[in-house]
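Sharing a structure below in structure tokens format, with a few things to ask.
The values are calculated or read from the model by the stated rules, or taken from the named source; none is laboratory data. Please read these numbers as outputs of a predicted model, since none were measured by experiment. With ideal geometry, Cβ positions are generated from the backbone for all residues, glycine too; neighbour counts draw on all protein chains shown. Each accessible area value is taken on the protein alone, full model and side chains, heavy atoms only, with ligands, DNA and RNA left out. Shrake-Rupley method; radii C 1.70, N 1.55, O 1.52, S 1.80 Å.
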Amino acid sequence: MINVCDIQVMKPLLAAHGFHFSKAKGQNFLIAPWVPESIAVESGVTADVGVLEIGPGIGPLTQQLSRKAGKVCAVEVDERLKPILDITLEGCSNVELLWGDVLKQDIPALVKEKLPGLRPMACANLPYYITSPILTALLEAECFEAVTVMVQKEVAQRIAAQPGSADYSAFTVFCQYYAQPELLFDVPAHCFLPQPKVTSAVITLRVRKERPWEIADTGIFFRVVRSSFAMRRKKLSNGLASGFPELGKAEAEEILTACGLPENVRGETLGIPEFARIANEICRRRESR
Ligand code: SAM
């Protein structure tokens, strides 16, 4: 198999096809073979797994996943990579390439059609300019056992953050609602061509089979979460009153008291069980009106 991470191999291959990196498409290709090897190992992909890969580039991770998985379905937006992938993935008979924008795909339907009978997992060195929309789509698809991705290190820390920490955000709660994150390892900028300005990290999100909270209305739950972080430095009662104008400040305070929370609590210190209690209390009051 051609070693696409070897810069002596990669550069002439790209030049032969007149390929230039597109910054707009988030193209930073891996040039350190240990990285795709480690991602494939740590992702837990085995022969009974079907992998959805996003953005194969010239195929370093695709090659490694192909060795371990039952099948790899790789979605790439840049069709200029087609003739190069024809060479680098030669012999990888369990890889199917799909051309297009991953954000325009119906992911559950794609997984059902392309990876039948296999345990679905997602794996990628993500294009960083659309990290959040891709992760949102992968988690909301609710069809993967695990999602293992390389992202900017700050994003990985945000996904795995604990309540009360500076990195804790509405996106943390969103990710941890769907999955249990584990930070795996850092990847320095010199492992890519061209080098990004940031350090990267690989994180795995083990998707929850069951969620250990009773949430009456997930729409209200995520509205509570967004309201709680919209005014980070302010008391949660202010955030709630602003996110739910129909409540008003006094009722927002009553709701917190009913949930056993101090009147001056800040949203950034709360975990999912507390956000769930608040959301359920709002729902209960709406229903009894
Ligand atoms: N997997 C390769 C590697 O590790 O060297 C390339 C990773 S590069 C960071 C991101 C890849 O995602 C590029 O190949 C880029 O063309 C592709 N990409 C960017 N936007 C995309 C989109 N909306 N849908 C699918 N692929 C996309």
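Could you check region 170-194 and list, in sequence order, the residues that are free of Cβ contacts under 8 Å to residues at least 40 places away in the same chain and either part of a loop (DSSP other than H, G, I, E, B) or under 11 Å from the mean Cα position of the chain (by Cα) (or both)?
Answer for region 170-194, where residues must be free of Cβ contacts under 8 Å to residues at least 40 places away in the same chain and either part of a loop (DSSP other than H, G, I, E, B) or under 11 Å from the mean Cα position of the chain (by Cα) (or both): 171, 172, 178, 181, 188.
Here is a further query. Tell me yes or no: at least one residue of region 41-61 is surrounded by fewer than 18 Cβ atoms within 10 Å (Cβ to Cβ), of a type in the set (S, T, N, Q) and farther than 17 Å from residue 192 by Cβ.
yes
Being under 30 Å from the mean Cα position of the chain (by Cα) and not aromatic (Phe, Trp, Tyr) is the filter here; which residues of region 12-26 pass it?
Once the filter is applied, which keeps residues that are under 30 Å from the mean Cα position of the chain (by Cα) and not aromatic (Phe, Trp, Tyr), region 12-26 yields 14, 20, 22, 23, 24, 25, 26.
Another question, if that's okay. Evaluate the following for residue 133: is it in contact (Cβ under 8 Å) with a residue 24 or more places away in the chain, more than 8 Å from the ligand (Cβ to nearest atom), in contact with a His (Cβ under 7 Å, 6 or more places away or on another chain) and open to solvent by 10 Å² or more (accessible area, probe 1.4 Å)?
When the stated conditions are applied, residue 133 does not pass them.
Identify the single condition in (1) within 15 Å of the ligand (Cβ to nearest atom); (2) surrounded by 16 or more Cβ atoms within 10 Å (Cβ to Cβ); (3) in contact (Cβ under 8 Å) with a residue 60 or more places away in the chain that residue 156 does not satisfy, given that it satisfies every other one.
If we test residue 156 against (1) within 15 Å of the ligand (Cβ to nearest atom); (2) surrounded by 16 or more Cβ atoms within 10 Å (Cβ to Cβ); (3) in contact (Cβ under 8 Å) with a residue 60 or more places away in the chain, just (3) comes out false.
Still on this structure, please answer the following. Among residues belonging to region 62-90 that are among the charged types (D, E, K, R) and more than 13 Å from the ligand (Cβ to nearest atom), point out the one that is surrounded by the most Cβ atoms within 10 Å (Cβ to Cβ).
71
Separate question: Within the set of pairs 6 or more residues apart or between chains, which connect a residue that is polar (S, T, N, Q) inside region 209-235 to a residue that is not in a helix (DSSP H, G or I) with Cβ atoms less than 8 Å apart?
Filtered contacts from region 209-235: 227/244; 228/270.
Just need a number here: residues in region 96-117 that are open to solvent by 30 Å² or more (accessible area, probe 1.4 Å), more than 12 Å from the ligand (Cβ to nearest atom) and on the phi < 0 side of the Ramachandran plot.
Total satisfying the criteria: 8.
Just give me the residues in region 233-248 being within 22 Å of residue 167 (Cα to Cα) and open to solvent by less than 10 Å² (accessible area, probe 1.4 Å), in sequence order.
Matches in region 233-248: 236, 237, 239, 240.
If you check 143, 123, 175, 191, which single one turns out to be within 12 Å of the ligand (Cβ to nearest atom), touching a strand residue (DSSP E or B) at 6+ places or on another chain (Cβ under 7 Å) and over 20 Å from residue 23 (Cβ atoms)?
Step by step, each of 143, 123, 175, 191 is checked, and only 123 is within 12 Å of the ligand (Cβ to nearest atom), touching a strand residue (DSSP E or B) at 6+ places or on another chain (Cβ under 7 Å) and over 20 Å from residue 23 (Cβ atoms).
Next question. Tell me, please, whether a residue that is away from the ligand (no atom under 16 Å from the Cβ), part of a strand (DSSP E or B) and open to solvent by 30 Å² or more (accessible area, probe 1.4 Å) can be found in region 201-224.
Scanning region 201-224 turns up at least one residue that is away from the ligand (no atom under 16 Å from the Cβ), part of a strand (DSSP E or B) and open to solvent by 30 Å² or more (accessible area, probe 1.4 Å).
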